[in-house]
1. So the label point goes 7 Å from the Cα of Thr385 along Cα→C-beta, right? Which residues of the range 345-369 then have their backbone N under 20 Å from it?
2. Under a point-charge model restricted to the Cβ atoms of Lys and Arg (+1) and Asp and Glu (-1), what is the dipole moment magnitude of the range 134-267 relative to its Cα centre, in debye to the nearest 20?
3. Could you tell me the center-to-center distance, by alpha carbons, between the range 103-136 and the range 322-370 in angstrom?
4. Long-range amide H contacts for Glu232: which residues qualify at under 5 Å (H placed 1.01 Å from N, peptide plane, sequence gap of 5 or more or a different chain)?
5. Whole-Hz ³J(HN,Hα) for each residue in the range 316-327, computed from phi via Karplus 6.51 cos²θ - 1.76 cosθ + 1.60 with θ = phi - 60°, x for glycine and proline: what do you get?
6. Counting pairs of Cα atoms in the range 42-149, how many percent are more than 19 Å apart?
7. Given DSSP loops and a limit of at most 14 other Cβ atoms within 10 Å, what is the longest stretch of the chain that contains no such chymotrypsin sites (Phe, Trp or Tyr not before Pro)?
8. Under 5 Å between amide H atoms, partner at least 5 residues away or on a different chain: which partners does Asp389 have, H built in plane at 1.01 Å?
Amino acid sequence: MFIAKRPLSRLLLLVLLLATLGLTACSRSATAQNWPGLSTDGENLYVAYGSGVLGLEAASQDLLWSYKPASATLFFYAPPSVENGRAIVGDFGAAQGLFSPQTVVSIYALDVTGNTVQTEWTRNDLAKDRIVAAPLQVDGVAYVATADNQLLALDAESGNELWRFTADFSIWAQPTYYEGTLFVASLDRHLYAVNAADGSEKWAVELSGAMSAQPIVNPDENLVYAASYDREVHALDIDTGSEVWSVPASDWVWSAPALADGTLYFGDSSGNVFAVDAANGDVLWESGVHTMNVVTGANQNPPAQIKGAIQASPVVQDGVVYVASLGNEQSEEGLLVALDAADGAELWQATTPAPLFSTPVIVGDTIIVALQSEVGILQGYKLETGDLDWSYQPPQASEE
């Protein structure tokens, strides 16, 4: 067991324990092993789910390929990173048996051009704990964050390790690249600026809470934003790490903010959504994902009052903020809500058959959510109305 260089608060220990128990419980489901990790290249969908990875054509939902390693005990959680026909993905680890406490974690590079998939390389000697965040590919280098405190830089073509950077505790967030610098958020409460060429530290700033959200860079304001479990979003100077401003939420901020047209949007674990001026942090509006109009397939009148915890990042397009939430704890249904980006007014909402943990993606006129449900691991909703357009369940899951 890793022992941090500084004592962990009971709050952080609780976070880690809840995350572990939640994923373990998911693995006992008959229909899934975990909630899916979802990414897109704008044309195809890439889904890390259960013990494999899928590639689908978004428009038709046709299965292009399916990749499943030999080990039946592992499963995938982190969204795949796909660049130039290469998918890089890490698994959540495979236990080595009753008498060995070791977990073997692998990183895979897959050739996903066309309707086939081939393994380019696999590395199981780099990470000693789970991979939660999506890898990041930039200029032929894959950056992979691990739960054993590492940020690995790998040659994307060969898998060779170029360098590694070590934090004081787990890195659950995808790093962000900007002009030769990687910004890395860690559960050790630090935001790091790391030289992408050699892994050397440029600066490190300790905040008052752990971070599981990807940092967001705003070049126009020379700021990098860090969302934290300290119930705040912090704006730091890109060059020095000095805090320029911070804005409070009402609860933990698990996920990365979304930056669009000079406004920063983020949600918290109490189901509140905030829009703030990206330059100075002034709050423009606050809304809430606290009502559900449809519960267990029937209209709810009056609407059900829910907490609607938000773990996914907002998605912003064409003046609309799309928010996915865990929804209704009692009915175990999720909620997808469209808000007017100008004032936070609700435009539409859709009840989903399971809670929404993963950030949605938009392809064409459809917003796509990933979920753990008997009716599908993916569902597509019309951007304009929120009407359900399609559901997708992989063949291997429906046959179990």
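1. Output list for this probe position: 346-353, 362-369.
2. 280 debye
3. Here the answer is 29 Å between Cα centres.
4. Under 5 Å from the amide H of Glu232 lie the amide H atoms of Ala249, Val253, each far enough along the sequence or on another chain.
5. Whole-Hz 3J(HN,Hα) from phi for the range 316-327: 10, 7, 6, x, 10, 9, 9, 10, 9, 10, 6, x.
6. 41 percent
7. 100-400
8. For Asp389, whose amide H was placed from the backbone, the distant partners under 5 Å are Gly380, Tyr381, Lys382.
A short reminder: the numbers here are calculations on the coordinates, not readings from a lab. It should be emphasised that the depicted structure is a prediction, and the values quoted were computed from it without experimental measurement. Don't worry about glycine lacking a Cβ; one is built from the backbone with ideal geometry, like all the others, and counts go over all protein chains shown.
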